[in-house]
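Here is the structure we will look at, set down as structure tokens.
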Amino acid sequence: MFFTLGGARQKIFEIYDRIAMGAIGHPGDIERLRMAAIELASTEGFTRSTADVSLRRLVHYSLSPVMKSAFEQVYGAPYLARMLFAEVGERPEEDLFLRVEYDGEIATSGTTFAQTRQDFAALSGTRQSRELMESFLKAQYAPDTSFEAALKSALDAWSVGHMALQTGDAKELPEHSAVTRHRLEQLANSGIEAGILERDPSRGIRYRALLDTELRTLIHD
């Protein structure tokens, strides 16, 4: 599941059958990178097969080099965007998260030889707020949790990151009561944007956008 609050600009996108993207940054740069990702995936699927479209290949061999090249140009501007990609596999152990920074650096949250697997990832405007969000998600995460519980964890993680951005110097996770209060305040003034990748082999396209109205009914306290 991809999740954010806002409403001014779209931040969550379908890229290909099993791949979705979330992004923050300059709207023009996000749109250019989104279109590049769609074109690359579509070309790969057309020239080879849809099964050959791989998030790892898409990011490591195409998008990241383009962003690194732009970042290193003396007379050009870098892409001002941070992106989070996810690919749903046939089995949970095949799921993959890739976070791509504006300089093309890639952080993998899925299974790698060098890292412990994490089944979540976050994007934020600062490293400090992102790390607090990930710390919160790590403490909340439980295998085979319900969709409702995952939704509430995502909402509270967003609240933790948003609170950290507002204070600027937060180093510890806030109290639960403060997170709940902040969450209610933001829900009253912001829309929910979310999408989900479903592990359903009977469907060719696994991505589905989630409506604000259907999600609010699952958020009670």
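Give region 158-185 a look and list any residue that's in contact with a helix residue (DSSP H, G or I) (Cβ under 9 Å, 6 or more places away or on another chain) and either over 21 Å from Phe3 (Cβ atoms) or of a type in the set (Val, Ile, Thr) (or both), or say none. Selection gives Val160, Gly168, Asp169, Lys171, Glu172, Val179, Thr180. Scanning region 68-88 for residues that are touching a strand residue (DSSP E or B) at 6+ places or on another chain (Cβ under 7 Å), open to solvent by less than 60 Å² (accessible area, probe 1.4 Å) and not in a strand (DSSP E or B) yields a count of 1. Of everything in region 16-34, what is in contact (Cβ under 8 Å) with a residue 60 or more places away in the chain, buried (at least 22 other Cβ atoms within 10 Å of the Cβ) and among the β-branched types (Val, Ile, Thr)? Give them in sequence order. Answer for region 16-34, where residues must be in contact (Cβ under 8 Å) with a residue 60 or more places away in the chain, buried (at least 22 other Cβ atoms within 10 Å of the Cβ) and among the β-branched types (Val, Ile, Thr): just Ile19.
The residues of region 5-60 that are in a loop (DSSP other than H, G, I, E, B) and closer than 30 Å to Gln186 by Cβ, listed by number, are Gly7, Ala8, Arg9, Gln10, Lys11, His26. The residue that is surrounded by the fewest Cβ atoms within 10 Å (Cβ to Cβ), counting only those in region 156-206 that are without any contact (Cβ under 8 Å) to a residue 12 or more places away in the chain and among the aliphatic types (A, V, I, L, M), is Ala188. Where residues in region 35-57 are buried (at least 17 other Cβ atoms within 10 Å of the Cβ) and in contact with a helix residue (DSSP H, G or I) (Cβ under 7 Å, 6 or more places away or on another chain), which of them is farthest from Thr108 (Cα to Cα)? Among residues in region 35-57 that are buried (at least 17 other Cβ atoms within 10 Å of the Cβ) and in contact with a helix residue (DSSP H, G or I) (Cβ under 7 Å, 6 or more places away or on another chain), the one farthest from Thr108 (Cα to Cα) is Glu44. Against the conditions (1) touching a strand residue (DSSP E or B) at 6+ places or on another chain (Cβ under 6 Å); (2) over 30 Å from Asn189 (Cα atoms); (3) part of a helix (DSSP H, G or I), Leu98 satisfies every one except (3).
The values are calculated or read from the model by the stated rules, or taken from the named source; none is laboratory data. Just so it is clear, the model here is predicted, and its values are computed rather than measured. Cβ: placed from backbone, ideal geometry, glycine included. Neighbour counts: every protein chain shown. SASA here: full protein model, heavy atoms, side chains in, ligands and nucleic acids out. Shrake-Rupley method; radii C 1.70, N 1.55, O 1.52, S 1.80 Å.
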